[in-house]
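K.L.:
This is the structure, below, for whatever I ask next.
The values are calculated or read from the model by the stated rules, or taken from the named source; none is laboratory data. Computed from a predicted model, the values in this text were never measured in an experiment. When we count neighbours, we look across all protein chains shown, and the Cβ atoms used for this are built from the backbone with ideal geometry, even at glycine.
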Amino acid sequence: MQVHNKSPRSSRLQISLRAKLLIGFSIAFSLVFAGAFYWFYSFATEKTMTRLRADMRSTLEGAKTGVNVDDLMGLYQQGERNAAGFSDDPRYQEILSWFQTVHAIEPRVWLYTYVVGYPPQNRRVGEPEAKPDELEIVYLVDLWSASNPAKASKFLEPDRAGGAAHQVLRENRLVEENRIYTDKWGSWLSAVTPLTDDSGEMVAVLGVDIEADYVLEVQQAIRNRVLASFIVTYGVLFVLIYALSGILTKRLSELTEFSEQIAAGNYNLSLPSGKDALPDELDVLAQVFEDMVKSIRLREQQIREGKQIEYEIRLALQQERELGELKSRFVSMVSHELRTPLTVLRTSLELLERYSHIASEDKKQEYYQRCRSAIHTMTQLLEDVLTIGKTEAGKLSFNPTSINLHKFCLDLVEEMRMGSQASHFLEFSCRGNCKEAFLDHALLRSILTNLLSNAIKYSPPGSTVEFDLTCIKGTAIFQVKDSGIGIPQADQSRLFELFHRASNVSTIRGTGLGLAIVKQCVQHHGGDVDFSSQEGAGTTFTVKLPLQSAIPTAAE
């Protein structure tokens with residue numbers, strides 16, 4: 001009779017490897033799926049909320065610029081409520097019209113305004129909603145009054161001040177609610193921003209509610225789909241794992257022996273058969289594969305480090321190449337733009353030197369004009385280069401002085417007329433009181449000279465360039481309009497970039513510096529520059545500058 005020696009392991013309670021695989025798979029799959037779901041749920045919610053907040057902030061800041069604070073406070077102090085609970089005051093209607101314009105651009109937002117104060121000082125309709133020593137808000141204009149009056153706060157309607165009202169009053173800055181709130185009208189995300197008078201003191205609050213139902217719908221859709229995906233995926237994978245585990249465990253001992261030989265470096269093997277299984281085949285197999293993985297991991301780490309070094313070298317070379325290309329373009333541009341006026345200057349002087357005794361007076365004046373024009377071109381180019389250099393180095397000075405803006409523009413127009421040699425008609429008009437302004441003479445000259453020069457340069461000979469100056473509400477508005485080649489739509493987004501020129505300029509000379517200089521000079525004044533253009537139909541540039549520009553402080 002044959003006796004089989006049993007190892008101590010055989011008397012222990014054992015769980016089949018197949019069961020272990022299925023249990024382990026279930027736990028691992030659940031954890032991984034839960035982690036993936038949490039990450040995706042948080043990521044989608046965060047991205048949606050971030051976009052929603054960004055839209056809300058930008059809309060609120062944009063809407064703030066269109067609210068006339070003086071009119072709003074006049075409405076608060078003098079306006080009367082009509083029978084519907086709102087107001088027929090023109091100031092109320094003007095602000096409501098602006099809110100409707102903003103809503104037409106961003107239909108999800110609903111704007112409103114209110115003042116914050118203590119009940120004894122507040123003007124309201126009805127009884128106070130707060131104690132005399134507690135803050136109270138009084139609503140003024142609510143966009144809902146134009147769409148659904150039932151949802152709107154009435155004109156001069158009081159209410160208790162919430163946390164946002166306290167915070168905006170205390171910090172005098174834009175304040176956002178941290179969480180979405182839900183009422184009978186829907187789900188919303190809110191923010192408020194202070195409205196200040198000319199002295200910078202907060203006198204009222206502009207608020208916005210943005211519809212947030214979409215966020216909750218996204219969250220619910222994710223939950224529903226992830227649950228369905230979990231059930232289907234888990235069921236399919238469970239069946240697959242069950243079938244594969246039966247195949248794998250059948251010859252696990254053979255695979256273990258085979259794996260040991262591979263780890264020893266003997267690859268000329270075939271799977272053995274008919275051998276008894278080892279007590280813990282899975283542990284041995286895991287150790288063998290662990291050794292293999294360590295070797296592979298070491299090689300992969302070396303490859304990864306090599307690729308990282310290669311990437312850093314390529315990045316450095318790319319940056320060096322881009323810098324070299326920029327320098328090359330700059331040198332090439334300056335050389336090309338200086339060559340033409342220098343040639344004109346040299347030729348004109350040689351002609352005057354050789355033939356001045358026989359040339360007519362008109363011919364001499366023509367040569368002199370060419371020389372002056374060439375010198376002006378070179379001077380302008382050098383000034384542009386110097387301005388760009390100072391801007392890049394952060395050393396562009398800003399020295400506003402008192403200027404008679406009307407006379408300044410007249411002199412500049414006359415100078416441009418002489419420079420264009422009567423090839424274009426330059427029409428100038430002025431509206432408003434533009435005699436007293438406080439602007440930087442040199443920067444303003446750079447702005448207008450570049451815009452007028454471009455209008456003349458890119459317009460056909462004999463055409464008219466319109467130059468309009470309007471002074472209104474403390475702002476000087478310069479508008480230069482031509483009927484030239486226009487700007488292609490594809491180039492308009494990059495128009496103010498350094499060295500960028502439109503694709504339709506053909507052989508028309510230029511440096512690509514002018515509009516970049518215009519933008520920098522306008523920003524130094526705290527102004528704004530915009531344009532509208534259609535290819536083949538002309539271009540209109542509009543520059544808005546405050547008539548009384550302040551010198552920036554060191555902190556700014």
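K.L.:
Only one of F33, F40, F86 is surrounded by 12 or more Cβ atoms within 10 Å (Cβ to Cβ) and modelled with pLDDT of 90 or more. Can you tell me which?
P.N.:
F86
K.L.:
Here is a follow-up. Taking the residues in region 131-160 that are part of a loop (DSSP other than H, G, I, E, B) and in contact (Cβ under 8 Å) with a residue 60 or more places away in the chain as candidates, determine which candidate is nearest to V203 (Cα to Cα).
P.N.:
Checking each candidate, the answer is L156.
K.L.:
If you check L439 against the conditions, is it part of a helix (DSSP H, G or I) and under 30 Å from the mean Cα position of the chain (by Cα)?
P.N.:
no
K.L.:
Could you grab me the full set of residues in region 65-97 that are of a type in the set (D, E) and either touching a residue at least 24 places away in the same chain (Cβ under 8 Å) or in contact with a helix residue (DSSP H, G or I) (Cβ under 8 Å, 6 or more places away or on another chain) (or both)?
P.N.:
Once the filter is applied, which keeps residues that are of a type in the set (D, E) and either touching a residue at least 24 places away in the same chain (Cβ under 8 Å) or in contact with a helix residue (DSSP H, G or I) (Cβ under 8 Å, 6 or more places away or on another chain) (or both), region 65-97 yields D70, D71, D89, E94.
K.L.:
Still on this structure, please answer the following. Could you please tell me which pairs satisfy a Cβ distance under 8 Å, a separation of 6+ or placement on different chains, a first residue in region 396-411 that is surrounded by 19 or more Cβ atoms within 10 Å (Cβ to Cβ), and a second residue that is acidic (D, E)?
P.N.:
Listed pairs, sorted by first residue: P400/D440; L405/E436.
Listed here are the residues, each with its yes/no results for (1) more than 21 Å from S532 (Cβ to Cβ); (2) at pLDDT below 85; (3) in the same structural domain as A502 (by TED's automatic domain parsing).
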{"site": "V413", "(1), (2), (3)": "yes, no, yes"}
{"site": "M416", "(1), (2), (3)": "yes, yes, yes"}
{"site": "H424", "(1), (2), (3)": "no, yes, yes"}
{"site": "C434", "(1), (2), (3)": "yes, no, yes"}
{"site": "F438", "(1), (2), (3)": "yes, no, yes"}
{"site": "A442", "(1), (2), (3)": "yes, yes, yes"}
{"site": "V465", "(1), (2), (3)": "no, no, yes"}
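K.L.:
Hey, can you tell me all the residues within region 509-522 that are of a type outside the set (A, V, I, L, M, F, W, C) and at pLDDT 85 or above?
P.N.:
K519
K.L.:
Here's a follow-up. Kindly provide the set of residues from region 384-411 that are modelled with pLDDT of 70 or more and assigned to a helix (DSSP H, G or I), ordered by number.
P.N.:
L405, H406, K407, F408, C409, L410, D411
K.L.:
Would you check if there is a residue in region 416-436 being surrounded by 13 or more Cβ atoms within 10 Å (Cβ to Cβ), in contact with a strand residue (DSSP E or B) (Cβ under 8 Å, 6 or more places away or on another chain) and in a helix (DSSP H, G or I)?
P.N.:
Yes, region 416-436 contains at least one residue that is surrounded by 13 or more Cβ atoms within 10 Å (Cβ to Cβ), in contact with a strand residue (DSSP E or B) (Cβ under 8 Å, 6 or more places away or on another chain) and in a helix (DSSP H, G or I).
K.L.:
Would you call G163 without any contact (Cβ under 8 Å) to a residue 24 or more places away in the chain and small (G, A, S)?
P.N.:
Taking the combined requirement at face value, the residue satisfies it.
K.L.:
Moving to a separate point now. I need a count of the residues in region 149-177 that are surrounded by fewer than 17 Cβ atoms within 10 Å (Cβ to Cβ) and within 13 Å of G85 (Cβ to Cβ).
P.N.:
The total comes to 3.
K.L.:
Now a separate question. How about region 131-145: which of its residues are among the charged types (D, E, K, R) and over 10 Å from L96 (Cα atoms)?
P.N.:
Of everything in region 131-145, those that are among the charged types (D, E, K, R) and over 10 Å from L96 (Cα atoms) turn out to be K131, D133, E134, E136.
K.L.:
Let me ask you something else. Go through the residues of region 187-196 one by one and say whether even a single one is at pLDDT below 90 and assigned to a loop (DSSP other than H, G, I, E, B).
P.N.:
no
K.L.:
I'm trying to understand the selection: among the residues of region 52-72, which are surrounded by 12 or more Cβ atoms within 10 Å (Cβ to Cβ) and within 18 Å of R179 (Cβ to Cβ)?
P.N.:
Once the filter is applied, which keeps residues that are surrounded by 12 or more Cβ atoms within 10 Å (Cβ to Cβ) and within 18 Å of R179 (Cβ to Cβ), region 52-72 yields L52, R53, D55, M56, R57, L60.
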